[in-house]
1. Does residue 249 count as in contact with a helix residue (DSSP H, G or I) (Cβ under 8 Å, 6 or more places away or on another chain) and within 9 Å of the ligand (Cβ to nearest atom)?
2. In segment 269-284, is there at least one residue being in a loop (DSSP other than H, G, I, E, B) and within 15 Å of the ligand (Cβ to nearest atom)?
3. Would you call residue 351 over 19 Å from residue 329 (Cα atoms) and surrounded by fewer than 10 Cβ atoms within 10 Å (Cβ to Cβ)?
4. Identify all residues within segment 171-194 that are at pLDDT below 95, under 24 Å from residue 234 (Cβ atoms) and not in a helix (DSSP H, G or I); write none if there are none.
5. Run residue 142 past the list (1) within 29 Å of the chain's Cα centre (by Cα); (2) closer than 23 Å to residue 86 by Cα; (3) surrounded by 15 or more Cβ atoms within 10 Å (Cβ to Cβ) and report the number of the one that doesn't hold.
6. Only one of 205, 168, 197 is more than 26 Å from residue 131 (Cβ to Cβ) and not in a loop (DSSP other than H, G, I, E, B); which?
7. Would you call residue 137 more than 29 Å from the chain's Cα centre (by Cα), in a strand (DSSP E or B) and buried (at least 17 other Cβ atoms within 10 Å of the Cβ)?
8. When residue 156 is evaluated against the numbered criteria (1) more than 16 Å from residue 8 (Cβ to Cβ); (2) modelled with pLDDT of 95 or more, which criterion, by number, is the only one it fails?
Ligand code: SF4
């Protein structure tokens, strides 16, 4: 199966539960609308319309790789942008009212509260914009890229030209709470950085989650490439899982807000026609599991009693009615090389005993080219573990 590009939300959904991902992205099952999502969508669309007149797009540099854009011409194109016409606050609020959707709210009261909240935060945001006018080069831009073989895409709320001449990525959040740690740990911002760096020739100089309710920009420096390796591995795991069509349910806290509980095998109830047959099977399984545990305990106790008798009498072969119980010994060695590691590293010998397994250590200890003192030290870290167990032999094999 070829995989479509991964977005941040698709990646996050698969990580939470692959089956939920399948219901959403393969089966395309609709979700119950929720008011807070509708609210976020409406506010985002108004901000997009508000800021679009301020956008001065970067030019694509001729002769450069197709996937790269440049801001070289930005300076000249932004000259005069402070005069760029944009809507008044009243026009923006009128647009907000026209864009409003009551989808997903649980009551008229809840809808009214969200509606007033949106109007208030947009008005305050507008006042802030008048004094801190942004310099966007793109709003709601859809970008695609291949991140070392993994196709990714995303819609980025805003890309600004930063004070240092590079790019600033900004994502609006309408959530109640947002902290600096959210920006620092945001996989979404990391993915956006990869997308922007793959599509523009200018470096990214900042990443911001913008908390609209408090008008607080939570800005962090761009991620260093090395720090993205964990995210890249997780994206690879998700991409491989989707390609392998691995859609096992992973129940967890996310199930409480999952719309697919009625069809999910983790939550579906047994049809009445199968109830008694399945109840019988489960009861039998429970009984057999109990017997298995009881037999396991009895088996261990009996073996223990045989060990006592064998020790007491000094006999390793104990005849029964039809078989002979034969006492066997198994010896294993374990070497704790941790304390010696620095010395082994210093002498360039650590790679000779990388895991500390007995066969490695034995080879090392027998090697006459190694300092005998060090060999003695390595051998001295060993601890022997002896385990006794019983075999049953048929009398014809017994002596
Ligand atoms: S109910 Fe839970 S386990 Fe089932 S699909 Fe939804 S998130 Fe996954």
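1. yes
2. yes
3. Against the criterion (over 19 Å from residue 329 (Cα atoms) and surrounded by fewer than 10 Cβ atoms within 10 Å (Cβ to Cβ)), residue 351 qualifies.
4. Matches in segment 171-194: 175, 178, 179.
5. Of (1) within 29 Å of the chain's Cα centre (by Cα); (2) closer than 23 Å to residue 86 by Cα; (3) surrounded by 15 or more Cβ atoms within 10 Å (Cβ to Cβ), only one is false for residue 142: (3).
6. After ruling out the rest, the residue left standing is 197.
7. When the stated conditions are applied, residue 137 passes them.
8. (1)
The values are calculated or read from the model by the stated rules, or taken from the named source; none is laboratory data. From a predicted model like this one, the values you see are computed outputs, not experimental measurements. Backbone-built Cβ (ideal geometry, glycine too); neighbour counts: all protein chains shown.
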